[in-house]
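Participant: Encoded as structure tokens, here's the structure I'll be asking about.
The values are calculated or read from the model by the stated rules, or taken from the named source; none is laboratory data. As the structure is a prediction and not an experimental result, all values here were calculated from the model. Cβ placement follows ideal geometry from the backbone for every residue including glycine, while neighbour counts extend to all protein chains displayed.
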């Protein structure tokens, strides 16, 4: 647990005086969450809905989900002999106090017993979002054991404790949001005209809400301006628009692009592509936005021409590796025949052979050192294991078994530009299964043989590893 400084202590005191589970919150939970925490109980005489307390007849099978004809809720059918079942959902409240946004986390636990459902709401965490820091406060009712967390609804809240580490994404920021009091709390502040609810409610991207709120704290004018222009996806990244002056100075494109930007509500990555290709064609922009290597490729290529020459998400990494090898071999990167080869794979393999011939022992030793640095990221369950590439020989073997180009990553792996991991079945560790590329503690590629996509089960384990091990390295406060 961390040290609570004077400023945070005062914020906690003010929160405890001001915050409660208001009648408005309870009405919202009763309307939006409670109805889902019910069952349809089936017996020989018919079906009974625990939500509306009405009876009806249905041929539905046990464990099926059906819609109650009375209250219209889609609920699971269970036997009348069922003794107990629990339902758990999370929701959040965003508040503003003492110049900080507070992201409050609640758990709703409902229990079925003897044809009745009882509900309980417990607040278990508060994320205090300051302009430059985030403080995660956990209630004493929030219990942690290793990587497992739970909320004890039978225990009374008595104190908040500051948590130092951020182990995984699902530590907080879960569930729907209650906005009821925020607008009133922002009155008289610099944020009172910021349409925070409208923008965040309609946002479908991957940015975490706590990061968006922190940007709004720091750049309220940019957020308000972009929101009023209906550039809500750019408003999410309001920190990227600090420049003052002309439209072109702010956005990097000429003002005649504004109607196009508004029409398609472009994202920050789409805006960066528009800056590069200078073509108001949303289909091309979104095709290029699918490329994870766009910035690296755009250093060398006319990206529109590259698309015409066959660049796609399936070969972009091979194309990037080809250009990287061409640069390392001092080829003329202004030569169109070098930049846009007729047969990419053939050209790639030709340069790879040249580089293999000049590979030196220094990289071999650096890869061994890299493994020692990353080996604590090893993770396994009862079926799979993920671990960093141990040696250069293992990298070559992986490339051969997987029929991919991971061997060309040797220098980047050795120089800490990229992290490479191998995923195996525990009972077949000598056989290649999935090759994983990681940058900045995020998985950017995970492929099975021949660069095919992983199975859903494999992706679930990779996501679990990323959330538990990689993201767990970040520290707040």
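Participant: Name the residues in region 375-414 that are touching a residue at least 60 places away in the same chain (Cβ under 8 Å) and over 18 Å from residue 325 (Cα atoms), would you?
Facilitator: If the condition is that a residue be touching a residue at least 60 places away in the same chain (Cβ under 8 Å) and over 18 Å from residue 325 (Cα atoms), then 377, 379, 381, 383, 384, 386 are the ones that fit.
Participant: Quick check, is residue 48 in the same structural domain as residue 122 (by TED's automatic domain parsing), surrounded by 13 or more Cβ atoms within 10 Å (Cβ to Cβ), in contact (Cβ under 8 Å) with a residue 12 or more places away in the chain and within 28 Å of the chain's Cα centre (by Cα)? Give the derivation first.
Facilitator: Numbers: in the same structural domain as residue 122 (by TED's automatic domain parsing): yes; surrounded by 13 or more Cβ atoms within 10 Å (Cβ to Cβ): yes; in contact (Cβ under 8 Å) with a residue 12 or more places away in the chain: yes; within 28 Å of the chain's Cα centre (by Cα): no.
When the stated conditions are applied, residue 48 does not pass them.
Participant: Does residue 154 satisfy being part of a strand (DSSP E or B), surrounded by fewer than 15 Cβ atoms within 10 Å (Cβ to Cβ) and at pLDDT 90 or above?
Facilitator: On the way: part of a strand (DSSP E or B): no; surrounded by fewer than 15 Cβ atoms within 10 Å (Cβ to Cβ): yes; at pLDDT 90 or above: yes.
It is false that residue 154 is part of a strand (DSSP E or B), surrounded by fewer than 15 Cβ atoms within 10 Å (Cβ to Cβ) and at pLDDT 90 or above.
Participant: Return the total of residues in region 429-444 being buried (at least 17 other Cβ atoms within 10 Å of the Cβ) and within 24 Å of the chain's Cα centre (by Cα). Don't jump to the end; show me each part of the working.
Facilitator: At the first step, the residues of region 429-444 found to be buried (at least 17 other Cβ atoms within 10 Å of the Cβ) are 432-438, 443.
From what is left, the residues that are within 24 Å of the chain's Cα centre (by Cα) are 434-438, 443.
Number satisfying all stated conditions: 6.
Participant: Confirm whether residue 312 is surrounded by fewer than 19 Cβ atoms within 10 Å (Cβ to Cβ), under 25 Å from the mean Cα position of the chain (by Cα) and not in a helix (DSSP H, G or I). Spell out the reasoning first.
Facilitator: On the way: surrounded by fewer than 19 Cβ atoms within 10 Å (Cβ to Cβ): yes; under 25 Å from the mean Cα position of the chain (by Cα): yes; not in a helix (DSSP H, G or I): yes.
In short, yes.
Okay, residues lined up against (1) touching a strand residue (DSSP E or B) at 6+ places or on another chain (Cβ under 9 Å); (2) at pLDDT 85 or above:
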| site | (1), (2) |
| --- | --- |
| 163 | yes, no |
| 171 | yes, no |
| 174 | yes, no |
| 183 | no, yes |
| 188 | no, yes |
| 191 | yes, yes |
| 207 | no, yes |
| 210 | yes, yes |
| 215 | no, yes |
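Participant: Would you check which residues across region 316-339 are surrounded by 16 or more Cβ atoms within 10 Å (Cβ to Cβ) and within 25 Å of residue 447 (Cβ to Cβ) and list them?
Facilitator: 316, 317, 318, 319, 320, 321, 322, 323, 324, 325, 326
Participant: Right, another one. Quick one: count up the residues across region 175-222 that are touching a helix residue (DSSP H, G or I) at 6+ places or on another chain (Cβ under 6 Å) and part of a helix (DSSP H, G or I). Break it down stepwise before answering.
Facilitator: Keep residues of region 175-222 that are touching a helix residue (DSSP H, G or I) at 6+ places or on another chain (Cβ under 6 Å), which gives 178-180, 190-195, 199, 215-216, 219, 222.
Pick out the ones that are also part of a helix (DSSP H, G or I) and you get 199, 215-216, 222.
Result for region 175-222: 4.
Participant: Taking the condition within 23 Å of the chain's Cα centre (by Cα) and either touching a residue at least 60 places away in the same chain (Cβ under 8 Å) or part of a helix (DSSP H, G or I) (or both), does residue 288 pass?
Facilitator: yes
Participant: Can you tell which of 238, 194 is surrounded by 13 or more Cβ atoms within 10 Å (Cβ to Cβ) and either closer than 28 Å to residue 26 by Cα or touching a residue at least 60 places away in the same chain (Cβ under 8 Å) (or both)? Steps first, please.
Facilitator: Details: 238 fails: either closer than 28 Å to residue 26 by Cα or touching a residue at least 60 places away in the same chain (Cβ under 8 Å) (or both).
It is 194.
Participant: Also, quick follow-up: Identify the residue in region 321-333 that is in a helix (DSSP H, G or I) and closer than 21 Å to residue 304 by Cβ and, among all such residues, is farthest from the chain's Cα centre (by Cα).
Facilitator: Initially, region 321-333 is screened for residues in a helix (DSSP H, G or I), giving 321-328.
Checking the rest, the ones that are also closer than 21 Å to residue 304 by Cβ come to 322-323, 326.
Working: 322: 30, 323: 30, 326: 34 Å.
Among residues in region 321-333 that are in a helix (DSSP H, G or I) and closer than 21 Å to residue 304 by Cβ, the one farthest from the chain's Cα centre (by Cα) is 326.
Participant: Only one residue in 398, 362 is surrounded by 15 or more Cβ atoms within 10 Å (Cβ to Cβ) and either under 32 Å from the mean Cα position of the chain (by Cα) or within 18 Å of residue 416 (Cα to Cα) (or both). Which one?
Facilitator: Details: 362 fails: surrounded by 15 or more Cβ atoms within 10 Å (Cβ to Cβ).
Checking each option against the conditions leaves just 398.
Participant: While we're looking at this one, here's another question. I'd like to check which helices (runs of 4 or more DSSP H) are fully inside region 387-477 and have at least 2 residues that are in contact with a helix residue (DSSP H, G or I) (Cβ under 9 Å, 6 or more places away or on another chain) and at pLDDT 90 or above.
Facilitator: Details: elements: 392-402, 410-414, 456-465.
In region 387-477, 392-402, 410-414 are the helices (runs of 4 or more DSSP H) which contain 2 or more residues that are in contact with a helix residue (DSSP H, G or I) (Cβ under 9 Å, 6 or more places away or on another chain) and at pLDDT 90 or above.
Participant: While we're here: Quick check on this structure: which one of 451, 467, 410 is at positive phi and surrounded by 14 or more Cβ atoms within 10 Å (Cβ to Cβ)? Walk me through how you get there before you give the answer.
Facilitator: Details: 467 fails: at positive phi; 410 fails: at positive phi.
So the residue among 451, 467, 410 that is at positive phi and surrounded by 14 or more Cβ atoms within 10 Å (Cβ to Cβ) is 451.
Participant: Just checking, how many residues over region 97-116 are assigned to a loop (DSSP other than H, G, I, E, B) and either touching a strand residue (DSSP E or B) at 6+ places or on another chain (Cβ under 8 Å) or under 25 Å from residue 25 (Cα atoms) (or both)? Walk me through it before giving the result.
Facilitator: Keep residues of region 97-116 that are assigned to a loop (DSSP other than H, G, I, E, B), which gives 98-99, 114-115.
Next, from what is left, pick out any that are either touching a strand residue (DSSP E or B) at 6+ places or on another chain (Cβ under 8 Å) or under 25 Å from residue 25 (Cα atoms) (or both): 98-99, 115.
Counting residues in region 97-116 that are assigned to a loop (DSSP other than H, G, I, E, B) and either touching a strand residue (DSSP E or B) at 6+ places or on another chain (Cβ under 8 Å) or under 25 Å from residue 25 (Cα atoms) (or both) gives 3.
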